[in-house]
Structures are given as structure tokens and as C-alpha cells.
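Everything below concerns the one structure shown next.
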């Protein structure tokens, strides 16, 4: 006899089932919801991202210090915003574009420049 996917004989004998317990499913569902929420919540501009100078001119960053590599994954919505957000995450004020998809920056280097 099977109840909720578990053999009642095993449960009565005190043996563990090899299957996931029903109590584990709420934990898995919660982890999935939190992961999806984290992915979707990045679709907002980071504070200060509107002040990031995005350039393709190497002379614009010649006096600056590189602080990180920017890479926006393919298929990401709002790639331009994500590019700027990553620059802000590195503490950069300027982002040098090394690869673009049309006019949208995809890869680059985040720089902190003297004011």
C-alpha cells in the first residue's frame, strides 16, 4: 500500500524512504522563488548608474584606473542598463566598451577616473 508516494510498510517498520519527503517540497519551492526574485530584481537601474560615462574612445580612460571587467550575458533584458549597473558595482565612474551588439554595450572594462 502506498500513501503519498511512501510505502506504508517501510514507514511502519521505521525505515527511511529513498524518495524526497513531502516536507522538503516547501523548502525547494521557497528557494526557487527567492532565486527567481533575485534574477528579476536586477532589472532596475542601480543608484548612480545614470552618471556612468560610457565610452568607446581609449583616450577617455588613459588616465584612469581599471577596477573590473564588465560582461553582460546574452539574452539579458536592458543590456545597456545592466552594463552601467555592473560598472557601478565595481565603483566605477566610466565604462569602456570593448564589445557591443549594434549600439548596445556588452563587454567592457570599468574604470575609476580622476575628477
Between residue 56 and residue 99, what is 0.36 nm times their sequence separation minus the Cα-Cα distance? Round to one decimal in nm. 14.6 nm
List, largest first, the extents of the alpha carbons of region 49-112 along their principal axes, each in whole Å. 33, 21, 18
Net lengthening on full extension, residue 46/residue 67 (0.36 nm per residue, minus Cα-Cα): 5.8 nm
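All of the numbers you see were taken from the coordinates with simple rules; none came from a lab. Being a predicted model, the structure only gives us computed values, none of them experimental.
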